[in-house]
Structure formats: structure tokens, C-alpha cells
Amino acid sequence: MNLNNQIELELYFADHFDTILFPVLADMYLEQNDLRRARKVCDIGLKHHSNDSAGLFILAQVERTEGALKEAEKILEKLLLHDRGHLAAIEMLCEIQTVLGRAQNRLLRSWKHVLLLDPNHKTAQDFVKKVSGKDDSQKPKTNTKTPRPLKAKPAISKEPPKEDPPPVIPVNEVSDPLKVSSRLATFTLVSVLKNQGLFSQALEVLDALEEKGENLESISLERDTIQTLIDRSKKD
């Protein structure tokens, strides 16, 4: 059977609902933006293979596209319980959790998971560095409130601040490229990066969206918004 032939796959799937090949057909429907059929194939296939990571990932993409971010989040969390090496899934989970406004500690765990799979992931590096910097900057404050005997160890209490400057550097000044694939580039990802203060990376995603032929007016508005945020951060 030719896995690139949609008709052959449809005929085979009609006679074999339990086939492990269901994600291939579902992905074809997803590429065509036929979300109804993509969901139906995933629902049927996952009844027989409930932990299939490919099927769960496609279903999560369907939920995200339809705006059901909480459902997409649940599906991705289930996927990652069984397949912790699925980089695209944890990247999407980070994106969705940021849009949903999840707690910073929860986001930090997710981005650290990304780094475990891809140590050179620029967005994950920047986020972990930024959040860890905030956590470190709080340590001297707690130390100053400790009993006097502890203040006799200045070397220990003064070391954390020395590590603070790198995370405090405005993220928009980072020059390393994000290199987002055209498939991953979305306006949602732009919002994720913008909300985390990763302005230069957000602009790079907008460039990728422009190359894909996305709405130029929306791209222009986002660029103006990000530029305003950059100007404000420089004043601060």
C-alpha cells in the first residue's frame, strides 16, 4: 500500500479501524485543514491505540487549531507521559501553557524538558535563564533577614548576585537566531515569545510568517506592538 496515496489509505482504514497507520491519514486531513475528518480518524484510532503518540499529537493540533487550548494541553500531557522524547509535543505544550497563563514554575519545568531533548534550543535557554535569574535575585533578600550569625559568611551570601547580571540582560538584545521552522511559526508562538519578553525571537517568527504568505496587516501590527515593548524596556 502506498502511504502517500490518500484514497488507498481511506479504503484501508475503512476496513481496518484498528490499524496503527491511522495517524498517517489523520495528518493528511490536518494538512488539508479538514479538522472534522482528522479528529474522527484520531478518535477511532485512539480507541484501539490509546497511547499512540503520533495520533495524540495530531489530535492536540486539531484542538489547538479550534481554540480548545485546555483540551490540547491535557492531550499533550498524556502524550508526554508515554513519550517523553517527543520534542514537538513539549514545544507545543510550552506555547499553550504560556497562552493559558500557567504558573511560572510549571512553565519552567516544561522549558527544562525542552532543553533535555534539545540543549541548543534558544527559546528554552532564554526562558530558563531569565526565570532562574529572577529566582536567584530573590536569594540575597532572604539572606539579609537571617539571624546575625549567618551574616558572618559574606562569601556565601554575596555569590548569587554575581550570577544575576547575565539573566537580567534584556532578551531583545540577544542576537542568536531562533531559526523557527515554517511549520512551527504561528501567531500563537509570536504571542508566547512576546509575553516572555523574547522580542527579537518574536520578530524572527514574524519574518517566517511573512515568508509563508500570512496576513501582512496582522504581521505589521504585531511588529509595531513588539517595537513599542522594546522601546519601553530600554527606558526601564
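Bear in mind these aren't lab numbers, they're just calculated from the coordinates by the rules spelled out. Note that the structure is predicted; figures quoted are calculated from it, not measured. For neighbour counting, all protein chains shown are included, and Cβ atoms are generated from backbone atoms with ideal geometry for every residue, glycine included.
Neighbour counts of other Cβ atoms within 10 Å put S132, S218 in the fewest-to-most order S218, S132. Between K78 and R36, residue separation times 0.36 nm minus the direct Cα-Cα distance comes to 12.9 nm.
Mind giving me the FRET efficiency for L11 and L87? R0 is 22 Å, r the Cβ-Cβ distance, nearest 0.05 is fine. Approximately 0.10, to the nearest 0.05.
For K70 and D231, the FRET efficiency from 1/(1 + (r/R0)^6), where r spans their Cβ atoms and R0 equals 30 Å, is about 0.30. Stretching the chain fully between I20 and D224 yields a gain of 68.8 nm (0.36 nm per residue, less the alpha carbon separation).
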